[in-house]
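Peer 1: One structure is given below, represented as structure tokens, and several questions about it will come after.
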Amino acid sequence: MIILSDNDINYSAPYKVRAIGGGRVFFSTDYGVRYMVSFDRDDNTMRITTYQFVIANANNKPSPRDHKVRETIIAIVEDFFEKNNEVMLYICETGDNKQSMRSRLFEYWFNHYDNKHNFTFLSSSVKDEDGIINYATLISRNDNPNLPKAIKEFGDTIELLNSKPTEDDD
């Protein structure tokens, strides 16, 4: 079970975070946007234990550029990795065709993170059968004993998903 501490998160997060259990937290912005952030065990993507990281705009309000959202998300992710030495997957939601923007924004946040040297960050993209590009990122602490397996499995999964079936495969 994932452990998160809203007390520890709120020590460095500019927005007040409330943990609701099960690896889930909520916070609201100065602009009235409510975010739900969760770490859900992912039993479908990889064989090793991974947790899918989800950032959801819970009330679907437009979200202006807000540096305090980035700082709050980073505080949540830091707390996750401090208390859980697990592998995290961030898979961008595709329902509104903004997955490319989400992927770039998340990568920008990570690249400007002071402690990024303590983590392995691998991003990739996969085109599905409908031609929609999906973005996935693997993040792990560098001291995670499963990191070599996670890197190999992530790479193998991306390669498999990107391989085009041939006519002989029918």
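Peer 1: In segment 21-31, which residues are modelled with pLDDT of 95 or more, open to solvent by less than 40 Å² (accessible area, probe 1.4 Å) and not hydrophobic (A, V, I, L, M, F, W, C)?
Peer 2: 29
Peer 1: Here is a further query. Residues that are aliphatic (A, V, I, L, M), within 19 Å of the chain's Cα centre (by Cα) and closer than 28 Å to residue 160 by Cβ: which strands (runs of 3 or more DSSP E) entirely in segment 1-81 hold 2 or more of them?
Peer 2: Passing ranges, in order: 50-57.
Peer 1: Then there is this: What number of residues in segment 32-71 are farther than 20 Å from residue 84 by Cβ and of a type in the set (Asp, Glu)?
Peer 2: Within segment 32-71, residues that are farther than 20 Å from residue 84 by Cβ and of a type in the set (Asp, Glu) number 2.
Peer 1: For segment 32-52, which positions are touching a residue at least 60 places away in the same chain (Cβ under 8 Å) and open to solvent by less than 20 Å² (accessible area, probe 1.4 Å)?
Peer 2: 46, 50
Peer 1: Next question. Can you tell which of 143, 168, 114, 156 is modelled with pLDDT of 85 or more, part of a helix (DSSP H, G or I), of a type in the set (Asp, Glu) and open to solvent by 70 Å² or more (accessible area, probe 1.4 Å)?
Peer 2: Exactly one of 143, 168, 114, 156 is modelled with pLDDT of 85 or more, part of a helix (DSSP H, G or I), of a type in the set (Asp, Glu) and open to solvent by 70 Å² or more (accessible area, probe 1.4 Å), namely 156.
The values are calculated or read from the model by the stated rules, or taken from the named source; none is laboratory data. Computed from a predicted structure; not experimentally measured. When we count neighbours, we look across all protein chains shown, and the Cβ atoms used for this are built from the backbone with ideal geometry, even at glycine. When the accessible area is computed, the model is the full protein with side chains, heavy atoms only, and any ligands, DNA or RNA have been set aside. Shrake-Rupley method; radii C 1.70, N 1.55, O 1.52, S 1.80 Å.
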